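Peer 1: What follows is a structure written as structure tokens; I'll ask about it next.
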Amino acid sequence: MLTSLRASLHDIAETRLDAAARAYLSDPRIKTPDFSKPAGAAALVGPDSVSWRIFKNPVTLFIGGVAAVFMEFADPRVRTGVWEHSNFRADPVLRLKRTGLAAMITVYGPREMAGRMIANVTRMHGRVSGITPAGEEYKALDPALLNWVQATAAFGFVEAYSAYAAPLSNDDRDRYYSEGQRAAALYGAVGAPSSLKEQQTLFETAASVFEPSDIVFEFRNIMRRAQAFPPPAHVLQRTLVRAAVDIVPPPIRDILGLGARYGLRAFERPIVERLARRGERYILRSSPAAQACRRLGLPEDYLYKR
């Protein structure tokens, strides 16, 4: 009886969460594709990949994405390019939705869809160039900057998942970085790390150009306020931003001035872990992950723990 009741409550929660997520993500300014079609179309990586496991979890995706931007902004060229050539400050929610959709297409979309999307993004980035406040020229398609952005994004997603949802081994990390090579190459990041060791080496060598900036804290404040989640999950967003700070490597945190007071407080970590672990159990049937599983003839709960 008790088991049946728990199952019923679980199903009700899944249905309500899926409906809330679907309503929140519906936006006439964004064309969201049907990830369930065409039947049998392969993605850039397969459903047994570490990438498919990680990207289904909306909680750790948010945490990892915020952490990635903190790290990206350590490089003044990337920071200036993003801040001066995007609508992030004016409409952060729209920017978050578009960035999230691009990530979903890259991982779960059919290869042709992913290729078209990445080509469009690359064309837009081809128009992005300028000069940093210190007088250094930059171009968005500079291979070094592309490698840094790819590396920080990969690091953020994998470490957020491992820290809060389910621990990953170093072998898992190596697989994950290797899986990202095809997409990275399409973006032009031909030097993006293909292993944990290469990621660590890149972080060490890139540090010579890092510097602090008030923009890092402006970004933090925007991410604490912008409604990145549908109600009622939005109330925990400030805690999730603290969780993002916690996974930024200490040397980068030190340079950016993100001291201990910006990270998780002791009572908050169990809250974040509980949310992230629920992201492993609750199936969002309208999500790209579940749709992509159906496209490949797999059960929609293939990636989830029941």
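The values are calculated or read from the model by the stated rules, or taken from the named source; none is laboratory data. Please read these numbers as outputs of a predicted model, since none were measured by experiment. Quick reminder, even Gly has a Cβ in these numbers, built from the backbone with ideal geometry, and neighbours come from all protein chains shown.
Peer 1: Here are some conditions: (1) closer than 21 Å to GLY156 by Cα; (2) part of a helix (DSSP H, G or I). LEU303 meets all but one. Which one does it not meet?
Peer 2: The number of the failed condition is (2).
Residue by residue, here is whether (1) of a type outside the set (A, V, I, L, M); (2) closer than 30 Å to ARG16 by Cα; (3) out of contact with any strand residue (DSSP E or B) (no Cβ under 9 Å at 6 or more places or on another chain) holds:
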{"site": "ASP171", "(1), (2), (3)": "yes, no, yes"}
{"site": "ALA183", "(1), (2), (3)": "no, no, yes"}
{"site": "LEU202", "(1), (2), (3)": "no, no, yes"}
{"site": "ARG220", "(1), (2), (3)": "yes, yes, yes"}
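Peer 1: Let me ask you something else. Going through region 114-142 one residue at a time, which ones are of a type in the set (A, V, I, L, M, F, W, C), touching a strand residue (DSSP E or B) at 6+ places or on another chain (Cβ under 9 Å) and in a helix (DSSP H, G or I)? Before the answer, list the steps.
Peer 2: Our first condition is that a residue be of a type in the set (A, V, I, L, M, F, W, C); within region 114-142, this holds for 114, 117-119, 121, 124, 128, 131, 134, 140-141.
Okay, now just the ones that are also touching a strand residue (DSSP E or B) at 6+ places or on another chain (Cβ under 9 Å), so 114, 128, 131, 140-141.
ALA114 - this is the single residue of region 114-142 that is of a type in the set (A, V, I, L, M, F, W, C), touching a strand residue (DSSP E or B) at 6+ places or on another chain (Cβ under 9 Å) and in a helix (DSSP H, G or I).
Peer 1: Taking LEU186 as the residue in question, decide whether it is in a loop (DSSP other than H, G, I, E, B), touching a residue at least 60 places away in the same chain (Cβ under 8 Å) and not small (Gly, Ala, Ser). Write out each step before concluding.
Peer 2: Working: in a loop (DSSP other than H, G, I, E, B): no; touching a residue at least 60 places away in the same chain (Cβ under 8 Å): yes; not small (Gly, Ala, Ser): yes.
It is false that LEU186 is in a loop (DSSP other than H, G, I, E, B), touching a residue at least 60 places away in the same chain (Cβ under 8 Å) and not small (Gly, Ala, Ser).
Peer 1: Going through region 35-56 one residue at a time, which ones are surrounded by 20 or more Cβ atoms within 10 Å (Cβ to Cβ) and under 13 Å from ARG294 (Cα atoms)?
Peer 2: In the first step, residues of region 35-56 are kept if they are surrounded by 20 or more Cβ atoms within 10 Å (Cβ to Cβ); the result is 35, 43-45, 50-56.
Residues satisfying the conditions are PHE35, ALA43.
Peer 1: Could I ask something else about it? Filter region 192-222 for residues that are surrounded by fewer than 15 Cβ atoms within 10 Å (Cβ to Cβ) and of a type in the set (S, T, N, Q) and give the result.
Peer 2: Hits for region 192-222 are GLN200, THR201, THR205, SER208, ASN221.
Results for (1) closer than 17 Å to ASP75 by Cβ; (2) in contact with a Ser or Thr (Cβ under 7 Å, 6 or more places away or on another chain), shown as yes or no for each residue.
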site: SER194; (1), (2): no, yes
site: ALA206; (1), (2): yes, no
site: ASP214; (1), (2): yes, no
site: PHE219; (1), (2): yes, no
site: ALA226; (1), (2): no, no
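Peer 1: Moving on to the next point. Among the residues that make up region 223-235, is at least one of them modelled with pLDDT under 95, surrounded by 15 or more Cβ atoms within 10 Å (Cβ to Cβ) and closer than 30 Å to GLU136 by Cα?
Peer 2: Yes: region 223-235 contains one or more residues that are modelled with pLDDT under 95, surrounded by 15 or more Cβ atoms within 10 Å (Cβ to Cβ) and closer than 30 Å to GLU136 by Cα.
Peer 1: Continuing with this model, one more query. When the residues of region 165-183 are filtered to those that are in contact with a Ser or Thr (Cβ under 8 Å, 6 or more places away or on another chain) and part of a loop (DSSP other than H, G, I, E, B), which remaining residue is nearest to ILE63 (Cα to Cα)?
Peer 2: Among them, the one singled out is ALA165.
Peer 1: Where in region 40-89 are the helices (runs of 4 or more DSSP H), entirely inside, with at least 2 residues that are under 11 Å from the mean Cα position of the chain (by Cα) and under 16 Å from ARG224 (Cα atoms)? Outline the logic, then answer.
Peer 2: Details: elements: 50-55, 58-72, 76-84.
Hits in region 40-89: 58-72.
Residue-wise test of (1) in a helix (DSSP H, G or I); (2) within 28 Å of THR32 (Cα to Cα); (3) of a type in the set (A, V, I, L, M, F, W, C); (4) modelled with pLDDT of 95 or more.
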| site | (1), (2), (3), (4) |
| --- | --- |
| ARG265 | no, no, no, yes |
| ARG269 | yes, no, no, yes |
| LEU284 | no, yes, yes, no |
| GLY297 | no, yes, no, yes |
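Peer 1: If the Cβ limit is 6 Å and pairs must be 6+ apart or interchain, which residue in region 218-241 that is hydrophobic (A, V, I, L, M, F, W, C) pairs with which residue that is modelled with pLDDT under 90?
Peer 2: Listed pairs, sorted by first residue: ILE222/PRO92; ALA226/PRO92; ALA226/VAL93; ALA228/LEU96.
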